[in-house]
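Note sheet for the following structure.
Bear in mind these aren't lab numbers, they're just calculated from the coordinates by the rules spelled out. A quick note: this is a predicted structure, and the numbers were derived from the prediction, not measured. No Cβ is skipped: glycine too gets one built from the backbone with ideal geometry, and neighbour counts run over all protein chains shown.
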Amino acid sequence: MTKMIADSTIEQHNGERLDTLRADYTRLGEQLARRGIDIETVKDRVAGYGVAVPSWGVGTGGTRFARFPGQGEPRHIFDKLEDCSVIQQLTRATPTVSLHIPWDKVSDVAELRERGNALGLGFDAMNSNTFQDQPGQPLSYKYGSLSHSDAATRSQAVEHNIECIEIGKQLGSRALTVWIGDGSNFPGQSNFTRSFERYLEAMKQVYAALPDDWRVFTEHKMFEPAFYSTVVQDWGSNYLIAKELGPKAFCLVDLGHHAPNTNIEMIVARLIQFGKLGGFHFNDSKYGDDDLDTGSIDPYRLFLVFNELVDAEVRNAPGFEPAHMLDQSHNVTDPIESLMVSAMEVARAYAQALLVDRKALAGYQEANDALMGSETLKVAFRTDVEPILAMARVESGGAIAPVDCYRTAGYRTRVASERPAATAGGGGIV
Ligand code: LRH
Ligand code: MN
Ligand code: MN
């Protein structure tokens with residue numbers, strides 16, 4: 001296997017920290033035992049947890065207004081895979097990559113698959129892109145794609161999605177995520193019903209091209225780039241789509257795609273209850289689709305989402321198999337560091353949710369004891385589970401403190417000397 005960070009660097013890093021970690025882990029184990037929780041069981045479940053890295057997240061500068069390229073930015077999909085493998089090597093929490101076509105230019109699929117294998121990475125959901133025009137594209141998406149008023153433009157968008165499935169099939173992916181920017185900026189610009197009918201008709205063609213063991217995830221987003229109406233704007237429309245399309249269609253919840261204060265964990269619960277939760281794009285936000293690092297603004301909300309997921313997991317909710325992916329991109333950090341931190345934040349939320357005393361919680365809910373219901377969640381959320389996460393990482397070859405280890409390894413400086421500086425440019429809607 002090709003390793004971007006030398007094993008010796010990780011071993012030395014861990015060696016310097018292992019005694020302290022063992023002491024912290026033992027102490028936490030004792031505390032949890034008093035609460036009737038076996039720390040080893042929690043650690044094993046955390047060790048088995050994985051979240052996919054978005055290929056578009058390893059480049060810097062995906063804001064709407066400007067790009068400020070960082071040092072050693074990936075030049076192409078192979079560089080991106082190497083960056084993703086660093087994230088996986090150090091955190092052991094990101095075994096797969098989610099590609100975005102045609103941002104990821106794939107000319108030789110077999111070579112890409114091989115490279116992924118060599119780096120120890122698999123391929124998660126494929127993402128299509130009909131929210132931008134590409135150079136040389138015959139028909140424009142300026143006025144929409146899968147819901148466009150023009151049948152030929154809709155067909156072009158359908159064909160693109162089918163092409164993404166074809167590439168994904170060869171890579172070992174088993175899902176397609178479809179997000180469209182279709183919508184309108186003026187009342188009267190488009191007919192809500194006709195647009196949605198056209199979208200559904202087009203998506204039925206995409207659905208028909210899915211292999212038997214594939215799923216399609218449709219992703220809703222309240223607004224942007226359209227500012228008056230959006231065709232797939234919320235989980236209600238998304239649920240209708242998944243219902244209309246059939247059993248292989250599910251809803252994807254991107255945490256940044258809701259109005260501020262929306263109760264996202266409740267949306268998650270509803271989708272689970274009706275068997276239509278497909279997966280997540282984890283990120284965080286303060287205002288809109290900010291694509292900030294996961295858990296950087298509201299870690300409690302992330303925990304509450306995971307609380308619903310663990311609730312479904314422990315009661316074996318039928319058809320419950322959500323895909324977990326990150327979706328973030330911004331300007332001010334090294335993206336490898338940000339993605340590592342985000343991956344650890346989702347694993348942390350999972351670990352904390354595993355600590356919830358569900359029996360006690362159910363009792364308080366039955367008894368209408370609101371305060372103790374809330375406290376039961378808070379006790380789990382307040383627990384510092386870092387020793388569990390770190391121990392799970394060390395035991396699978398990762399680093400105790402991935403960001404420190406990454407900095408010591410000097411990876412960014414090394415690739416900066418191999419990869420020519422990217423030029424600054426305009427932003428895009430991502
Ligand atoms: C849209 C979105 C969607 C895209 C990605 C780049 O805002 O969340 O998932 O594919 O950003
Ligand atoms: Mn997204
Ligand atoms: Mn988004």
(message) For the condition under 20 Å from the mean Cα position of the chain (by Cα), among the hydroxyl-bearing types (Ser, Thr, Tyr) and over 21 Å from ARG215 (Cα atoms), what is the one hit in THR230, THR262?
(response) THR262
(request) Kindly check whether there is at least one residue in the range 222-236 that is without any contact (Cβ under 8 Å) to a residue 12 or more places away in the chain, closer than 29 Å to PRO260 by Cβ and surrounded by fewer than 15 Cβ atoms within 10 Å (Cβ to Cβ). (result) yes
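Every residue, every condition in (1) within 23 Å of ILE180 (Cα to Cα); (2) in contact with a strand residue (DSSP E or B) (Cβ under 7 Å, 6 or more places away or on another chain); (3) not in a helix (DSSP H, G or I), yes or no:
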{"residue": "ASP24", "(1), (2), (3)": "no, no, no"}
{"residue": "ALA33", "(1), (2), (3)": "no, no, no"}
{"residue": "ARG45", "(1), (2), (3)": "no, no, no"}
{"residue": "PHE68", "(1), (2), (3)": "no, no, yes"}
{"residue": "GLU114", "(1), (2), (3)": "no, no, no"}
{"residue": "THR130", "(1), (2), (3)": "yes, no, yes"}
{"residue": "PRO135", "(1), (2), (3)": "yes, no, yes"}
(request) Look at the range 188-233 and say how many of its residues are among the acidic types (Asp, Glu) and over 30 Å from GLY172 (Cα atoms). (result) 2
(request) Hand me the list of helices (runs of 4 or more DSSP H) wholly inside the range 298-376 holding 2 or more residues that are away from ligand 3 (no atom under 16 Å from the Cβ), of a type outside the set (Phe, Trp, Tyr) and surrounded by 21 or more Cβ atoms within 10 Å (Cβ to Cβ). (result) 299-314, 335-354
(request) Please identify the pairs in which a residue from the range 14-39 that is within 21 Å of GLY397 (Cα to Cα) has its Cβ atom under 6 Å from the Cβ atom of a residue that is of a type in the set (A, V, I, L, M), counting only partners at least 6 apart or on another chain. (result) ASN14/VAL394; ASN14/ILE400; ARG17/ILE400; LEU21/ALA390; LEU21/ILE400; TYR25/MET391; ILE39/LEU32
(request) Say whether the condition of being surrounded by 22 or more Cβ atoms within 10 Å (Cβ to Cβ), of a type in the set (A, V, I, L, M) and assigned to a loop (DSSP other than H, G, I, E, B) is met by at least one residue in the range 253-264. (result) yes
(request) May I ask you to say which residue of SER149, SER229, SER173, SER184 is over 24 Å from ASP327 (Cα atoms), more than 16 Å from ligand 3 (Cβ to nearest atom) and in contact with a strand residue (DSSP E or B) (Cβ under 6 Å, 6 or more places away or on another chain)? (result) SER184
(message) For the range 181-200, give me the residue count where each residue is farther than 19 Å from PRO247 by Cβ and either within 16 Å of ligand 2 (Cβ to nearest atom) or surrounded by 14 or more Cβ atoms within 10 Å (Cβ to Cβ) (or both).
(response) 9
(request) Select from the range 171-195 the residues that are touching a helix residue (DSSP H, G or I) at 6+ places or on another chain (Cβ under 7 Å) and in a helix (DSSP H, G or I) and list them in ascending order. (result) LEU171
(request) Please tell me if SER149 is among the small types (Gly, Ala, Ser), over 22 Å from TRP103 (Cβ atoms), free of Cβ contacts under 8 Å to residues at least 60 places away in the same chain and not in a strand (DSSP E or B). (result) yes
(request) Could you identify the single residue in PHE280, PHE274 that is over 13 Å from LEU309 (Cα atoms) and either within 16 Å of ligand 3 (Cβ to nearest atom) or without any contact (Cβ under 8 Å) to a residue 40 or more places away in the chain (or both)? (result) PHE274
(message) With of a type in the set (Val, Ile, Thr) and under 30 Å from ASP357 (Cβ atoms) as the only criterion, which of ILE241, ILE267 stands out?
(response) ILE267
(request) Starting from residues that are in a loop (DSSP other than H, G, I, E, B) and touching a residue at least 12 places away in the same chain (Cβ under 8 Å), keep the ones in the range 386-419 and report whichever is surrounded by the most Cβ atoms within 10 Å (Cβ to Cβ). (result) ALA399
